[in-house]
1. So which pairs qualify, if the first residue must be in segment 470-488 and open to solvent by 50 Å² or more (accessible area, probe 1.4 Å), the second must be of a type in the set (Ser, Thr, Tyr), the Cβ gap must be under 8 Å, and the two must be at least 6 apart or on different chains?
2. Any chance segment 522-545 includes a residue that's within 23 Å of the chain's Cα centre (by Cα) and in a loop (DSSP other than H, G, I, E, B)?
3. Scan (1) at pLDDT 90 or above; (2) surrounded by 14 or more Cβ atoms within 10 Å (Cβ to Cβ); (3) farther than 23 Å from Ala770 by Cα for the single condition Arg567 breaks and write down its number.
4. Open to solvent by less than 40 Å² (accessible area, probe 1.4 Å), modelled with pLDDT of 90 or more and within 22 Å of Ser98 (Cα to Cα): which single residue out of Leu240, Leu232, Leu191, Leu201 fits that description?
5. What about Thr52, is it of a type in the set (S, T, N, Q), open to solvent by 10 Å² or more (accessible area, probe 1.4 Å) and touching a strand residue (DSSP E or B) at 6+ places or on another chain (Cβ under 8 Å)?
6. Quick one: Met262 ticks every box in (1) at pLDDT below 90; (2) surrounded by fewer than 24 Cβ atoms within 10 Å (Cβ to Cβ); (3) at negative phi except a single one, so which number is it?
7. Determine which single condition Gly304 fails, assuming it passes every other condition in (1) within 24 Å of Asp673 (Cα to Cα); (2) modelled with pLDDT under 85; (3) of a type in the set (Gly, Ala, Ser).
8. Give segment 789-806 a look and list any residue that's part of a loop (DSSP other than H, G, I, E, B) and either open to solvent by 10 Å² or more (accessible area, probe 1.4 Å) or over 19 Å from Ala710 (Cα atoms) (or both), or say none.
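The values are calculated or read from the model by the stated rules, or taken from the named source; none is laboratory data. Keep in mind that what you see is a predicted model, and the values were worked out from it rather than measured. Because the Cβ atoms are built from the backbone with ideal geometry, glycine has one as well, and the counts that use them run over all protein chains shown. Ligands, DNA and RNA are stripped out before the accessible areas are found, and what is left, the full protein with its side chains, is counted by its heavy atoms. Shrake-Rupley method; radii C 1.70, N 1.55, O 1.52, S 1.80 Å.
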Amino acid sequence: MPDSFLQYSCIVKSIVIPLSEATDVEVAGGKAAGLAELIRRGERVPPGFVVTTEAHRTGALPEAEIIAAYEELGGPVAVRSSATAEDLPDASFAGQHSSFLHVDGVPALHEAIVKCWESLHSERAVSYRAAHDVTGDVGMAVIVQRMVAAERTGVLFTANPLTGNRTEMLVEAGSGTSVVDGTADADHHVLTEAGGVEGWLEELKRAGTRIADREPMDIEWALDGDGTLWILQARPITTLFPLPPAAPGTRVYLEFGHVQGMLQPATPMGMANLKRVIAAMTASLGMRAEIVDIGGRLYGDLTGPARHRTTRKRLVKLLAVDFGPRAQAAMEHVLTDPRFAPADTAEGVKPDLRTAGRALSGITRALARPGAARRRLQAAVDRLELTAAAPADLSQKLAWVRSNDTGDSSEDITWPIVAGLLAAAAPGPLLKGIAEPSEIHTVLSGLPHNVTIEMDLALWRLARSADQHRDLLLGTPPSELAARFANGDLPDIGLAAFLDVYGHRGAAEADLGVPRWYEDPAPVFAAIANYLRVDDPDQSPEERFRRTQEKAEAMLLDLARRVRRRRPVRGTLAVFLLRRARALLGLRESGKFAGLYHLRAVREQLLLIGAELTGKDILGRADDIMFLDLDEVAAVLEKPTDQRELVAQRRAVHARELRRRHVPVALLSDGTDVETLLLASPGAGPRGDGLHDGGLRGDGPHGGLRGVGASAGRATGPARIIHDPATAHIEPGDVLVVATTDPAWTPLFLTASALVSETGAIMAHGPTVAREYGIPAVISVPGATTVIEPGQLITVDGASGTVTAA
C-alpha cells in the first residue's frame with residue numbers, strides 16, 4: 001500500500017483503513033480481521049482497504065476517503081461484506097451477505113458498498129443470525145481489494161467437509177471465478193496426508209497446512225496468469241463435528257446418547273455423571289465400557305470389541321436391541337476396514353462366570369414367575385424413592401453426592417427387564433415363515449406395567465378434569481402458566497399431585513444438569529394444551545390403548561392356533577415367550593424411572609452447593625455448578641477461585657452444540673462420519689437406501705424416504721417437526737417428525753397419528769410407546785427433520801418402513 005494512503009488513513013482511521021491494519025473485528029468485521037491475520041503471517045493476500053463499521057453506523061458514505069483509497073489501489077476491485085458477526089468459530093455466515101466482483105469505477109464502487117450494507121438486514125441474514133443466537137448490535141464493514149486476474153479459482157477445505165476426515169483436504173477448482181460464484185461445475189481433488197501432489201496443488205496444500213495450523217479452514221483462493229497463488233478469504237469450517245479425544249491408532253466410537261433419547265449435548269456435570277453410571281452398570285454385567293465425550297455427546301469406544309476375534313462376530317447383532325439399523329450398518333462397514341482387522345491383542349468383552357451365573361438365575365426366575373419378579377422390581381424402585389438429607393457444610397454435601405451419584409444397580413430391577421427383552425427378541429426367528437414381523441410387533445404392543453404409559457395416561461386424565469379451565473390453559477403460553485403455578489396464581493387442576501409422582505422427569509432427563517418438571521413445569525402445561533385439543537372420544541389415549549391391547553391379545557391367540565398346526569414345538573416355545581414378554585417387557589422403563597430418583601436427589605444437593613458458591617462470588621448463579629465436574633468442585637472448595645469465566649466459556653460451547661442438528665452415529669478417530677462412507681458406496685442413493693430426498697416432494701423416482709418399520713399401521717397427516725417438547729404445539733392427527741425421543745416426549749404421542757424418527761431401534765422406547773398407542777412408526781430415517789418440510793402432508797407406513805408425500 002503506498003505511503004501516501006497510509007499517512008492519509010491515519011487521520012481518518014475510524015472510517016477507511018488499510019486491510020493489513022484491520023485487526024479489530026468491531027472496527028473491520030470478521031472477514032477483514034481474518035485477512036489481516038493472514039497478511040501478518042506472511043500469506044499472499046490481494047492488497048486493499050476497509051470501509052469500517054463506523055461509516056455504516058453513521059450511515060454516511062465517506063466518498064472522499066474512498067475515492068482516495070480506490071485511486072491508490074486501482075481497479076477493478078472486489079467488494080466484500082465484513083460483518084462483526086461473520087467468520088465466527090461456530091457461524092461462518094457464508095453466502096449470507098453480499099459480495100461483488102469486477103467492480104470498476106467510483107459510482108459502481110459506491111453502489112456496491114451500499115448494497116453490502118443493506119445485505120446486513122436481508123431476510124436470509126436476519127434468519128441466519130436468529131438461528132445461531134447472534135444478538136446485539138451487529139455492524140457491517142466493507143472490504144475493497146484489488147481484483148486478481150484469475151486463470152483458476154476455487155475453494156480449499158483443509159478437512160474433508162463431506163466426511164469430516166481431518167487427514168484429507170478437499171479442493172474444488174475451476175476457470176476464472178466460476179467456482180466461487182457458483183456459475184459452473186468444479187473439478188474435485190482429494191489431498192491426503194501421505195499422498196504426493198505436484199504443481200499448484202502442492203503449493204495449495206502447503207498453504208492450507210500453514211493456514212489451518214489451529215483449526216480446519218475453508219479457504220478461497222485464486223491463481224493468476226503467472227501461476228501466483230493468492231488467498232482471497234479464510235474462515236473456520238463450522239459444520240464439522242468435533243474430533244474425538246486424542247488416542248493411539250485408529251479408533252471407532254459409537255454414539256450412545258440416543259439410547260437414552262439424548263442427541264443434545266450433556267452439561268459437563270451431566271457427562272461426568274453419565275460416565276460413572278454407565279461404567280457401574282456395565283461392570284455389574286461383567287463388562288467394561290470406555291465412554292468418551294465428543295461434542296458433549298456420549299460415545300462408546302468400540303475399537304477393542306471390533307478387533308477382538310470373538311466379540312466382533314456378534315457385535316453387529318448385539319447392536320440391534322438398543323442401537324438400531326443405522327448403527328449396525330455403520331459397524332458392518334467398520335469391520336470391513338483393514339485398520340480394524342482382528343488382532344490377538346485386542347480387548348473384547350471378557351466373560352465373568354459369576355455374573356453369567358447370576359444372570360441365568362435372575363432371568364430364569366423372572367420367566368418362571370413374572371408376577372413375583374414384578375413385585376421384587378417394584379420393591380427395589382420404592383427403595384430408591386428417597387429424600388436427600390441436606391448435610392451441614394459444603395464438603396459434607398459433596399461427599400454425599402460422591403457416594404450417591406451412580407444410583408442402585410439392583411439385580412431385582414436388572415434381570416426382569418433383561419428377561420423381558422430376551423423374551424421379546426427370541427420369537428422372531430422361531431416363528432419365521434409363520435408370522436410376519438409386523439404381527440409380532442402387534443403382540444408386543446399395548447403392554448401393561450409400563451410406568452411411562454401410566455404417566456402419560458395420568459396426565460391425560462388430569463387434562464380432561466381441567467377442561468373447565470380450557471380457555472386459560474389454551475390461551476396462555478406454557479412458560480407463563482409455569483410462572484403463575486410457582487407463584488400460586490393458578491386454579492388447582494391437580495398438577496401438584498402429578499408432579500409429586502412424576503416431577504423428577506424431564507426432557508434429556510439422563511443429564512444431571514438439566515431441570516426437571518418439578519422445577520419447570522412448562523413442558524407439562526404444553527402437553528395439557530395439546531390434550532385439550534383432542535375432541536374425538538375415539539381418539540382418546542385411553543381408548544386407543546384399550547384397542548391396542550385387544551388387538552395384541554387377539555393376535556397372540558391367532559399365532560397360538562397357527563403354531564399348533566404347523567410348528568408345535570418351536571412355535572409353542574415362541575408363544576410362551578411372547579406371553580412372558582407381555583408380562584415383563586413393560587418393565588423396561590422402570591429401571592430409568594427409578595434411577596431418576598437418585599438424579600433428583602443428587603441434583604438438589606449440587607444446586608445447594610452452587611447457591612453457596614454463588615454467595616461467595618465463585619459462581620454467577622446456582623446452576624453454574626452443572627458446568628463444572630465433581631473434581632473441579634472439590635478443588636474450588638479446597639481453594640476458592642472465581643469460576644465464572646470458565647463457566648461462561650463452557651455455556652457458550654454448550655449453546656453452540658445445542659444448535660447442531662446432525663450427530664454422527666459412528667465416528668473414527670480422524671473425524672470421519674462413518675455413515676458418509678456408506679452413502680458414497682456404489683448404488684446407494686442420497687440416504688444410502690436407493691431413495692431420493694426429492695422423492696418425498698413428489699419429484700423423485702421412488703416417491704419417498706425409507707427407514708425401518710417399528711410399529712405397524714398406516715397414517716397420513718401434516719408433518720410436525722419437533723426439536724423441543726417444551727414448546728411443541730400438536731394438533732390431533734399431526735405426524736411427529738423428530739431426531740430422537742425420551743420418556744418426556746411421550747405425552748406428545750397421545751395426540752399424534754404417527755411417528756418418524758431419525759434414530760432408534762425397534763425395541764427402543766420411542767417405537768415401544770408408539771406401539772402402545774397403536775400409531776405407526778418409522779425409525780432410522782437420516783435427516784428426516786430437515787428433509788421433510790413443516791406442514792407437509794405425508795403418509796407413514798409402519799409395515800413397509802416408508803415415508804411418502806401424500
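1. Going by the 8 Å Cβ cut-off, the qualifying pairs are Arg484/Thr476.
2. Looking for residues that are within 23 Å of the chain's Cα centre (by Cα) and in a loop (DSSP other than H, G, I, E, B), one finds none in segment 522-545, hence no.
3. It fails just one condition, (1).
4. Leu232
5. No: the conditions fail for Thr52.
6. The number of the failed condition is (2).
7. It is condition (2) that Gly304 fails.
8. Hits for segment 789-806 are Glu789, Pro790, Gly791, Gln792, Ala799, Ser800, Ala806.
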